[in-house]
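Asks: Next up is a structure, given as C-alpha cells.
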Amino acid sequence: MAEPERARHRRRAHVALFDATTLTAKGVKDQLVARSFPTASVRMFTSSTDPEFNLTEFAGEATLLAPPDFETLGTLDVAFLCGTRREGERYLDWAGRGGFTAIDLTGASIGLAHIPLVNASVNPEMIPAGPGVVAAPHAVAQMLSTLLSPIRRECGLKEAAAVVLQPASERGQEGIDELHRQAISLMNFQEMPKEVFGRQLAFNLVPGWLSEESKSAGATRSDLERQVLRVAGDGFDLALQVIDAPVFHGHAVAAHLVLREGKGSEDLLASFRGLDDVRVGRRGDPVTPVERAGDGRLLVTGVQPGLRASSFWIWAVADDLAGGRSLNAVRIAEAIVETRTGGGRT
C-alpha cells in the first residue's frame, strides 16, 4: 500500500511518466495518487511498439499511451523515467532541452558525476533548483542509505557489512512472473523458464556475484556500495553482498555495524527516533518480507551483539513496491513543486 499523505502545494504541476506500464511506473502512480500530488496534467508514454503496452491506468481511469516525442511534449514540469537503463539513456538530455526536471529511476544517470543522486529523506539539499536530471538510487542503495545515514550521524558509524536479500520484483514484472512460473513448473515436474534470472530462483538462493557473472544483475555490488556512500556520506567502511531470494517483493538486510567506542544498542535504536521513514520494531511485530508486504516503511529490529564492543547485528525489512524508490521519486517531485515558481516547456 502506498504511503497516504495529502500534499500541501499551491501550484499544480504538469507531469509525465515515461514507460508507464512498468512495475516501477505503477509504484510511482500509486504514490502520486496516495499523496494527492498536485497535478495539472498527467501524460503517459511508452517506448514499446507492442500494442499490448498501449494502455495503462491512473487514479482508477484507463489511459492511452503514446510514444514520446520531444517536439510535442508541450508544457512539462516533472517527468519520471521508469523504463530500462537503455530506455532512460534516450531521454536524459530532454530535461535540459525542454526546461523540466526528469527523475531517473532507470539507473541510466547514476554514474554521471554532474547529476545529483538523491534520497529525499537523507540528502534533499541535492535536489537542483533548475531543470535537469535527478537520479534516484537503486532500491538496495535507497534502503541502505536510509538505514545507515542516521546511524552514521548519531553513533559515529565506522564499519558496515550488509547482506541484502533481493526480491524477484527487482527485475520488474518479468521477474515476478518468472518466479511464479518456476514454482509452478517445479511442482508439476516441468521444465522451468530461466530467461530473466538465468537459473532456478524458486526454492533457491542465488548469490549476487553469480548474477553479475551471467550479466543478469541490474547493478553490481561495487555500484551499490558507491551509491550508498555517495548518498549517506563517507567516513565509514562499507561491504555489501546481494542475494537474489525467492520472494516476490520485499527487501531484507542483515547488517553488522561497528559504532564509535562507547555506543550501545540503545544509542543505535535512538538514531531512528523521530524519523518518518523508519520504525523500530517491538517484540511480536511481523519482521519478514512476506509479513511486511504492503508496508513501505523500513522496520529495524533484531539488534544483537556483534564481534566486539560497540558492534551489533541488526535486521531491517521493507516493501519497496509500497514505498522505497517510488516514494522517494514522488517526494523529490514534491520538493521541486514547492520550491519552483516558473513553468515548464511551452
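The values are calculated or read from the model by the stated rules, or taken from the named source; none is laboratory data. Here the structure is a predicted model, which is why all the values come from computation and not from measurement. Cβ atoms come from the backbone with ideal geometry, glycine included; neighbour counts cover every protein chain shown. Only protein heavy atoms, including side chains, enter the accessible area calculation; ligands, DNA and RNA are left aside. Shrake-Rupley method; radii C 1.70, N 1.55, O 1.52, S 1.80 Å.
Asks: Contour minus end-to-end for Val287 and Glu266, with contour as 0.36 nm per residue of separation and end-to-end as the Cα-Cα distance?
Replies: Going from the current span to full extension adds 5.6 nm.
Asks: From the Cα gyration tensor of the stretch 149-213, with a ≥ b ≥ c the square roots of its eigenvalues, which class applies: rounded if a/c is under 1.5, or else prolate if a/b is larger than b/c, or else oblate?
Replies: prolate
Asks: Amide H of Ala79: which non-local residues (sequence gap of 5 or more, or other chain) have their own amide H closer than 5 Å, using H built in the peptide plane?
Replies: Ala16, Thr101, Ala102, Ile103
Asks: Tell me which trypsin sites (Lys or Arg not before Pro) from the stretch 257-316 have a DSSP coil assignment and no more than 11 other beta carbons within 10 Å of their own.
Replies: Numbers: sites: Arg260, Lys263, Arg273, Arg279, Arg282, Arg283, Arg292, Arg297, Arg308; in loops: Arg260, Lys263, Arg273, Arg282, Arg283, Arg292, Arg297, Arg308.
Passing both the DSSP loop test and the Cβ count: Arg273, Arg282, Arg283, Arg308.
Asks: Right, next: How far is it, in nm, from the label point at Asn204 to the one at Leu64 when both lie 7 Å from their Cα along the line to the Cβ?
Replies: 4.4 nm
Asks: Once every DSSP H run of n ≥ 4 in the chain is given -39500 (n - 2.57) and the sum is divided by its residues, what mean residue ellipticity at 222 nm do you get, rounded to the nearest 500 deg cm²/dmol?
Replies: Working: 9 runs with 97 residues, N = 346.
Helices in the chain give a 222 nm mean residue ellipticity of -8500 deg cm²/dmol.
Asks: Counting only protein heavy atoms and a 1.4 Å probe, tell me what percentage of the chain's accessible area is made up of carbon and sulfur.
Replies: Values: 8410 of 16300 Å².
Of all accessible area on the chain, carbon and sulfur atoms account for 52 percent.
Asks: Largest first, what is the accessible-area ranking of His114, His180, His138 with a 1.4 Å probe? If you can, show how the numbers build up before the last one.
Replies: Numbers: His114 150, His180 95, His138 25 Å².
Largest accessible area first, the list is His114, His180, His138.
Asks: Let me ask something additional. Could you calculate the contour length gain from Thr49 to Gln304, that is, 0.36 nm times the residue separation minus the distance between their Cα atoms, to one decimal place in nm?
Replies: Details: separation 255, 0.36 × 255 = 91.80 nm, distance 5.20 nm.
Gain on extension, Thr49 to Gln304, equals 86.6 nm.
Asks: Where only protein heavy atoms count, and the probe is 1.4 Å, what is the accessible area per residue for the stretch 114-245 in Å²?
Replies: Working: 5970 Å² over 132 residues.
Per-residue value: 45 Å².
Asks: If you don't mind, there's one more thing I want to ask. Applying a 10 Å radius around every beta-carbon, put 60-67, 158-165 in order of their mean neighbour count, most first. Please report the intermediate quantities before stating the final value.
Replies: Numbers: 60-67: 11.0, 158-165: 19.2.
Packing proxy ranking, top to bottom: 158-165, 60-67.
Asks: For labels at Arg85 and His180 in the simple 7 Å Cα→Cβ model, what's the distance in nm?
Replies: 2.7 nm
Asks: Among Pro193, Leu64, Gly98, which residue has its Cα furthest toward the positive end of the charge dipole of the chain, with +1 on Lys/Arg Cβ and -1 on Asp/Glu Cβ?
Replies: Of Pro193, Leu64, Gly98, it is Gly98.
Asks: A further question follows. Going by a ≥ b ≥ c, the root eigenvalues of the Cα gyration tensor, does the chain fall in the rounded group (a/c under 1.5), the prolate group (a/b larger than b/c) or the oblate group? Present the calculation step by step, with values, prior to reporting the outcome.
Replies: On the way: a/c = 1.81, a/b = 1.24, b/c = 1.45.
It is oblate, given that a/c is not under 1.5 and a/b is not larger than b/c.
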